[in-house]
Amino acid sequence: MSEYTVINSRAVRRDTPDKASGKAVFIDDMSLPGMLYGALLQSPLAHARIVRIDTSKARNLPGVKSVVTAAEAGLIKYGVSPARYDETLFCHEKVRYVGDDIAAVAAVDLETAIEAVSLIEVEYEELPVVLTIEDAMAEGAPVLHNEYPGNICAEVHSEFGNVEAAFANCDLIKTTTFKNKRQDAAFIEPQGCIASYDHFGNLTLYSSTQVPHYVQRTVAMVLKLPIGKVRVVKPYVGAGFGIKASANPLELSACLLSMKTGKPVKMNYNREQVFQYGRARHQFTHTMTTGVKKDGALLALKHVCYLDGGAYSSFGIATVYYAGSLLGGPYKLPNMKYDGYRIYNNKPACGAMRGHGGVAARACWEQQLDMIAEELKISPIELRLKNMMVAGDVTCNDLNMSSLGMKECIEAVQNGSEWSAKKGKLPKGKGIGMACGFFVSGAGYPIYRSDTYHGTVVIKLTEDGGTALVYTASAEIGQGSDTTFAMIAAEALGIRLEDVRLESGDTDFGVDLGAYSSRQTLMTGHAVKEAAEDVRQKVLEVLSKELNVPVGEMDIRNSLIGFKQANVDFSGLRTRYVKEHRGWTDNPTDGPLTFKEAARMAYLAIGSIVGTGKYKPHELGGKYKGAAVGTSPAYGCSAQIAEVTVDEETGQITVDKITDAHDCGRAINITSVEGQMEGSVSMGLGEALFEEVKFDNKGRVINADLAEYKIPTMLDMPEVKTIIVESNEPNGPFGAKEVGEGAIMPTIPAILNAVYDAIGVRIHELPLTPERVYMAIQEAKKGKKT
Amino acid sequence: MLLPKFDFHEPKTVNEACQILAEYGAKARILAGGTDLMVNMKKKILSPQQLVSISRIPELKNLEASADHIRIGACFTVADLCESDAIQRHLSALAEGAKNLGTPLIRNLATIGGNIGSARPAADLPPPLMAYGAQAVLSSLSGERTVPLDQFFLGPGFTAMKPDEILTEIQVPALPASSGAGYINIGVRKAQDCNLVNVASFIALDAGGIIQNARIVMGCVGPIPLRARSAEKILIGQKPDTALFTRAGAAAGSDSTPIDDFRGTAAYKKDMVGVLTRRTLDIAFHKATHRQ
């Protein structure tokens, strides 16, 4: 039996009935009176100087209400990290990728808006296009941003310990190079928004976003509005995976057009525009050199990484840091050197996506560790267990593993998959492989430098005493955070889940940095818990005075008040309550004092009961440059074992089973934790086997739809056996930490290692399409013959 | 994405449909399931002024199995093909093609006529139908004519159909005893994929177990589904075995004319033609020797 009454159980998600029945309201379902529709003019060229823009024909088209370009929008630079604000709402001198925004139109309907866009004349002077890292770094290559010569958007150089000295003591040094491919997150709901500017100068933006708070700040900054006049509201959102974790041109355009017209303006991306906008996982090229002792002890890692960044920075600075820092654990690694480069080119910008910066790095390294294990004749599991950190260990780059159920995860998947009965005993064409990973539970700092709280929460009891209203600006984007926070509130307050009502995703409710870097359960969760405890205390204090019982001798559980002493006489309170409710049929008669009665008495005594909570991380380790990227109050970790069948004649891979163990500290909603684990497997499997955004030689995406950009179908998904490990994180609310992103880390390398086990060939480039696997097998055969 | 403007017609009989086509000719397109046409219209690749839906013509949804033919109405859906006992029993390679087409949602809408009439080189149904020796029945105001599917496809999106004609029916001749066919398609993922290569093979054996007739049809490796003529020649007159099928596979690879594109290289597709030919011949041989 759990010691908890609400959390650590399987609660029905608050959004499920609405989503299942079609009642859930997304942007596309919304409409406001007098609403206009907006459309964007986006560059057809990957790199060109804008010589002239003529909007007169578009302006004269009947039904068009406003046309805006850089002339109207201004040239305030924005982006994700203030250190790299390199975008303006509309291009003014040149366009840098196919899809770069040039103008926006608002009209009475979408057809008219699209027609008006086609009437805007732009004269371009074409510039040479660079589409790859190599071309962008070549001598004399055209420069995208004058401020960044050589097209180097960001570079990181760090060394912890002394790698070269450590190599001198190694018995085996292994170097491999690995490449993934540019991803699209393929969320089900394309970005969309409605902006509404009122007569008093207040701007309300409804948007499909993960981060109402950052969008609010960016809108205010770019459009020069007082931030108090900007409100961002998030309706139901069909996922984001990182791509919706910053303000986009759609949001800024809709706001500007609404300000110009005084009418609500709705704008949406279609699927092609989702691909064109990009901002998903970078293509990384990792070269790693790992040195070990004969017994498998890891001594040093030298790591060089190039990120194919696209035309703008987006999250890229954080990405290039994460690509290095997230290899600090979960193994004891005393020496680590990293050189990372993020390179601009004329493709859509890449940004943050599930497992930010760490996924390809993890895939490269975990495959290399298996190669090392094989050469040392140590089992992959033994090698990992030998080097594994335990709770309390600190990595060479100062990441503090305040809890770490890594060993438990490995043992769980080892048993859960019957590894020992299978490893080395499967027929040719079948393979089994394993890998580990870990991830942050929220970043230690906001994206902009500030002492702001990362989350604030207000809980108010309805004056009748029956219901707790939770107000949080956090973002439910399909991951289940609303339910999680309602459960935390109910648990901390001592009431039933059905006595909690929760509203979220509105900047008027407070500050919350939003749904990114797997931060909400830990950070918002803390704030919810604190607010609930505040409310609980206020109710109990009133009760204490009324009944003359010390607060410490009372408890609230299941919406009932418990007393340590027997025979506490609360009949006076009950009589008062019943007198207030003459004629009501649900008045308490006998039995324990209810929370409803107690809360009503508290209201009568002191007015509305409002509790507040807040959270920001304690001071985290790392004094070096870039320490802000990777340090977190807690780290989730996981291990996975993949079992595959490879058709060696065609190269087709079938993933038969994934056994997945994740340490989430404490599962608040068990079903949601499992959902995140299974979703991560699906996403990792797609990246491992199928997914790649492809371009033609003019920088145009050639597979900008979900027919040709191939995410896994139901038939591609294996059986997933999920095992939850609970390590009770000291820095987490009720011991909870992340599951949303860390769970993706081991999937790709586990599949890579299983494929090698099946066919005896190592493949160092994703995705493992049938053709790539087939060609690798053919190459290996040729190699054997000669 | 928005659809371009068009007029919509919904005739109740084939004759009525033919009249509309006679009036508008090339300005009209026939709409059956719409799984190909609607996508191309939204992408503005096609902008027909007149859309003629044939979904309300009951006779086009019939399936009729007689002693000498199986006749499948053009609006028979792919989902229906998957579920039909007659198709499963007599034309199992076609059933296999149907099961591998798109997703359940697409199969509910897509029709056999549309899958043929749209003339996509990677379509799932033409190879098995051609392997079975099927023909298309085309109707217009001037009457009905029959075109073997071998001569029906002219290029990607182009067929022997004239602008005033409707594909009303697919006819598959009754199969000889001791014959069978197999179909395999491969893509990048397990479903909802544009095929990389798809192959259907048909063989008929004589009483002595010698291959009397063979048809091998390869999709995705040419502008239209291609017959692997030299592979067929290798098979005819021979006793089936794995070595023979492997040789036929290699010949089929040489018969194919794939191109490099973003989905895959010509070299890979050629090799896969070989593998799939051998494997579909194995299936065909098994069916030929185990049928009823």
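With a 10 Å radius around each residue's Cβ, average the other Cβ atoms per peptide and rank A:382-390, B:192-200, highest first.
Sorting A:382-390, B:192-200 by mean packing, highest first, produces B:192-200, A:382-390.
Which GluC sites (Glu not before Pro) in the stretch A:468-533 pass both tests, a DSSP loop state and at most 12 other beta-carbon atoms within 10 Å?
Sparse-neighbourhood loop GluC sites (Glu not before Pro): none present.
Rg (Å, one decimal) plus Dmax (Å, integer) for the alpha carbons of the stretch A:517-634?
Spelled out, the Cα radius of gyration and Dmax of the stretch A:517-634 are 20.2, 69 Å.
Mind checking which of B:222, B:78, B:15 is farthest towards the positive end of the protein assembly as shown's charge dipole, using Cβ charges of +1 (Lys, Arg) and -1 (Asp, Glu) about the Cα centre?
Of B:222, B:78, B:15, it is B:222.
Just flag the trypsin sites (Lys or Arg not before Pro) in the stretch B:3-35 sitting in loop per DSSP whose Cβ has no more than 14 other Cβ atoms within 10 Å.
Answer by residue number: B:5, B:12.
Rank B:33, B:133, B:157 by mean-square fluctuation in a GNM of chain B with C-alpha springs under 10 angstrom and give only the top-ranked residue.
B:157
Just need log10 I(q)/I(0) for the stretch B:7-53 at q = 0.15, 0.17, 0.19, 0.23 Å⁻¹, Debye formula, equal scatterers on the alpha-carbon atoms, no solvent, rounded to two decimals.
For the stretch B:7-53 at q = 0.15, 0.17, 0.19, 0.23 Å⁻¹, log10 I(q)/I(0) is -0.36, -0.46, -0.56, -0.78.
Per residue of B:188-200, what is the mean number of Cβ atoms on other protein chains within 10 angstrom of that residue's Cβ?
Taking the mean over all residues of the peptide, I get 5.
Can you pull the three principal axis extents for the Cα set of the stretch B:183-290, in Å, largest first?
In descending order, the Cα extents are 46, 26, 22 Å.
Of the residues B:34, B:182, B:274, which exhibits the maximal mean-square fluctuation in a Gaussian network model of chain B defined by a 10 Å Cα contact cut-off?
Fluctuation is largest for B:34.
Determine the shielding of peptide B:255-267 by partner chains: average, over its residues, the number of Cβ atoms on other chains within 10 angstrom of each Cβ.
Other-chain Cβ atoms within 10 Å of each residue's Cβ, averaged: 2.
Can you list, bin by bin at 10 Å, the percent of alpha carbon pairs in the stretch A:362-427, starting at 0?
18, 43, 32, 6, 1
How high is the relative contact order of the stretch A:223-302? Use alpha-carbon pairs under 8 Å, at least six apart in sequence, and give a whole percent.
So the answer I get is 19 percent.
For the stretch B:151-206 and the stretch A:10-52, what is the centre-to-centre distance using only Cα atoms, to the nearest Å?
With the stretch B:151-206 and the stretch A:10-52 each reduced to a Cα centre, they are spaced 41 Å.
Before anything else, pin down the relative contact order of the stretch B:7-53: Cα pairs under 8 Å, at least 6 apart, normalised by residue count, whole percent.
Relative contact order of the stretch B:7-53: 58 percent.
Please report the spacing between the Cα centers of the stretch A:593-665 and the stretch B:44-85 in Å, no decimals.
Value for the Cα centre distance between the two parts: 52 Å.
Using a 10 Å cut-off around each Cβ of peptide A:643-652, what is the average number of partner chain Cβ atoms that fall inside?
3
Find how much the distance from residue B:71 to residue B:260 grows on full extension, using 0.36 nm per residue of separation minus their present alpha carbon separation; answer in nm with one decimal.
Here the segment from residue B:71 to residue B:260 would lengthen by 64.3 nm.
Based on DSSP, what percent of beta bridges with both residues in chain A are antiparallel, to the nearest 5?
The antiparallel fraction comes to roughly 75 percent.
When only Cα pairs under 8 Å and 6 or more residues apart are kept, what is the percent relative contact order across chain A?
16 percent
Viscosity 1.002 mPa s, temperature 20 °C: what is the translational diffusion coefficient of chain A from Stokes-Einstein with a Kirkwood Rh over Cα pairs, rounded to a whole number of µm²/s?
77 µm²/s
Just to be sure I understand the model, the point goes 7 Å from the Cα along the line to the Cβ. What's the resulting residue A:132 to residue B:85 distance in nm?
Taking the simple label geometry, residue A:132 and residue B:85 are separated by 6.0 nm.
Using per-residue counts of other Cβ atoms within 10 Å, averaged over each peptide, order A:613-625, A:31-43 from highest down.
A:31-43, A:613-625
No value in this document is a laboratory result; all are computed from the given coordinates. Keep in mind it's a predicted model, so treat the numbers as computed, not measured. Neighbour counts run over all protein chains shown; Cβ positions are idealised from the backbone, glycine included.
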